[in-house]
Amino acid sequence: MNRKKLLVGAAVIVVLLGAAAAAAGIYVAGVTPSDLGEPGGSTDVLYSDGSVMFRNSQDDQVAIDTTRLPGYVADAVIAAQDPGFRDGHWFGRPTRITVQLTRTLAGNEHTGSARLQAVAARLENHYGRDVVLDRYLNAMYFGRQAYGIEAAAQTYYDKPAATLSPGEAVVLAAQLDSPGDGAYDPTVHADAARARFEEIRKAMTGGGTGVVYPEGTTRTAEDSRKRHDALRPKDGAGLIAHLVLDEFNAIDVPREGARITTTIDPKLQNSLLGAVGAAMGGQPANLQAAAVAVQPGTGRVLAYYGGERGTGLDYAALGHPAGNAFVPITLAAALKAGISLESKWQAPAEGEFPAAGRTIRNGNPVRDGKRCPGGKPSCTLLDVQRDGLKVPLFAVAMKAGPDTVIDMARAAGIGTMWSPVAGGEPKATPLDKPGRALFPSRFGIEVGFGQYPVKLIDQASAMATFAAGGSRATTHFIAQITYGSKTLYRASDRAEPAIDAPIAQNVAWAMTQQPAGRLADGRPTALAAGEWPLTNDVNQNANAMAAGFAPQVAVAVWVGNKTNEQPLLDKAGTAVTGTSLPAAVYRQFVGSALGTARTDIDRPELIGDPKAGNA
């Protein structure tokens, strides 16, 4: 078993946040307890130019197997925070520790809210209290920028958590009461710290007999601050670091003493941060952005923004409905089925599809407020994909075959989509089977207009495939791994044919017809932009996405809600769409990344049957 060194906040989120995020209208991949090993030495993680991103040292936010700690560590925390944690359920209510953990992972929702209590109960029932306690010890904030018991032990006592004395464990448990202001920090408020120590000691198993207050052994807060300032990742780089270390753990190389050179270009990373900041500055507090940039033909992740906190929720790793940003994939499936961009399709406000059970009589026709240019009753597939007209897209998906759309998504680089579950939360479904095995059992014809959530990095990967003329490369964060002067691993950066070149070229050119993809100086790029409505109000947007590319870089940008679903409105009170804030981030970043480089995507020979439409 490999020893896995992970940044605590990000690791725990991926492990446990599935239910919490789903309750907030967000879906998370990989909701499975991680096999967290013990910490080792140090690993340097570098940007692509060799500058240091961060050092994952032995005492820098390491997730550990807390079952190997002395029993009095957990005993002290339970005594301090939830003396009834080991007792039976009380009318099905979750324990206080579970609620605290859920609140930490889900955001700022009030502890007593019904939603948070329900999520905590599901989380506790699913994983059990032992797993919850392990994740709690690894995730909670102990003050002084220390997340998790291992970081806290190093921060306060300059030792691993496994060697804490009973008294030191009690002092650390007390910090959980008020970690932000040091109310029980022995070097800040000595009297309060000692009084709280006695309360916790007496609540421990056996009354805390023999547990002695640690006199004069606690590091000062200033010493801890200096250490953390030198080690902690900056500008949300902790989210990247988590993904880098996750990839590192899957590579068969020594765990300790590695120098990992990533694919992240620091100049492009700063450009992406600047673009996000320019678009999102002053926006309502509920709005959140995420963005990923991938190099076509190599799969290198050039820039990544999942949120401003290095140990917070990674919004770029979640599943989001792409809406019309997904339609280039539907377009590729149509082209593969012999349907031309010039084919014409009916676009009524309500479309009936009896074969799919979508009829007015059944109360579920396909509805869309958008119409063809000029209000015409029909328009070309080129117009349909640019404007995201749902009724004709449903018809296109039916004719091309929803299984073909799913196969095309997999070919382009979409590895996971979230499928609906009757009476439950959507489920992350790997696209590791042929489309005919997933339609209609997991996905419906609605796949044609981007209903099912996808990961933002997958969306960027799909755009990179089209940019590379149909050749797909696996997205990755690690360029090479060295130990001293030896290079033990180097990424292949190899792309393989995945989509026929004429199809990819037709899709790329069609995407240049989106006006929101033109850069500030008028240069064209390929862009698809769309939105997806609130669960309970189809007239209000809950997600907005823009995804596109120039020949040199592919980008996907999402704007949505940080936690609970609510209408997406910008600071002017205007509805956020794919062509507004997400497209603004896209244009500024791509313009900055390309400088004065040409972005031309030539019109190819159009393929398919112009008479394949239904109009």
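List of remarks:
- Taking amide H as placed 1.01 Å from N in the peptide plane, the amide H of Thr525 sits under 5 Å from that of Arg518, Leu519, each at least 5 places away or on another chain.
- Highest average packing first - 430-439, 329-338, 394-403, Cβ atoms within 10 Å: 329-338, 394-403, 430-439
- Only helices enter this figure: runs of n ≥ 4 DSSP H residues, each worth -39500 (n - 2.57), summed and divided by the residues of the chain, yield -10500 deg cm²/dmol at 222 nm to the nearest 500.
- Accessible area per residue for segment 370-430, computed on protein heavy atoms with a 1.4 Å probe, is 36 Å².
- In terms of its C-alpha gyration tensor, segment 329-423 has an oblate overall shape, because the principal axis ratio a/c (a ≥ b ≥ c, square roots of the eigenvalues) is not below 1.5 and a/b does not outweigh b/c.
- Annotation: the antiparallel percentage among DSSP beta bridges lying fully within the chain is about 95.
- Across segment 129-144, coupling constants 3J(HN,Hα) worked out from phi with the 6.51/-1.76/1.60 Karplus curve, θ = phi - 60°, read 6, 5, 5, 4, 5, 4, 5, 4, 5, 7, 10, 6, 8, 9, x, 6 Hz, and Gly and Pro carry x.
- Between amide H atoms placed 1.01 Å from N, distances below 5 Å from Ile339 occur with Asp609, all of them 5 or more places distant or on a separate chain.
- Note on Phe477: accessible area approximately 10 square angstrom, rounded to 10, probe 1.4 Å, nucleic acids and ligands left out.
- Shown in residue order for segment 422-432 are the 3J(HN,Hα) couplings computed by the Karplus curve 6.51 cos²θ - 1.76 cosθ + 1.60 at θ = phi - 60°: 4, x, x, 7, x, 10, 5, 10, x, 8, 9 Hz (x for Gly and Pro).
- Built amide H within the under 5 Å cut-off of Thr416, gap 5+: Leu431, Lys455
- Accessible surface of segment 477-615, 1.4 Å probe: 46 percent of it comes from carbon and sulfur atoms.
- Relative contact order (%) - the chain, alpha-carbon pairs under 8 angstrom, separation at least six: 16 percent
- The phi-based Karplus calculation (6.51 cos²θ - 1.76 cosθ + 1.60; θ = phi - 60°) puts the 3J(HN,Hα) values of segment 496-508 at 10, x, 10, 10, 3, 4, x, 5, 4, 5, 5, 4, 4 Hz, whole numbers, x for Gly and Pro.
- Report note on the peptides 601-609, 178-186: ranked by the mean count of other C-beta atoms within 10 Å, highest first, their order is 178-186, 601-609.
- Segment 258-412: projected area of the alpha-carbon convex hull, averaged over directions, in nm²: 13.5 nm²
The values are calculated or read from the model by the stated rules, or taken from the named source; none is laboratory data. From a predicted model like this one, the values you see are computed outputs, not experimental measurements. Don't worry about glycine lacking a Cβ; one is built from the backbone with ideal geometry, like all the others, and counts go over all protein chains shown. Note: areas computed on protein heavy atoms with side chains; ligands, DNA, RNA excluded. Shrake-Rupley method; radii C 1.70, N 1.55, O 1.52, S 1.80 Å.
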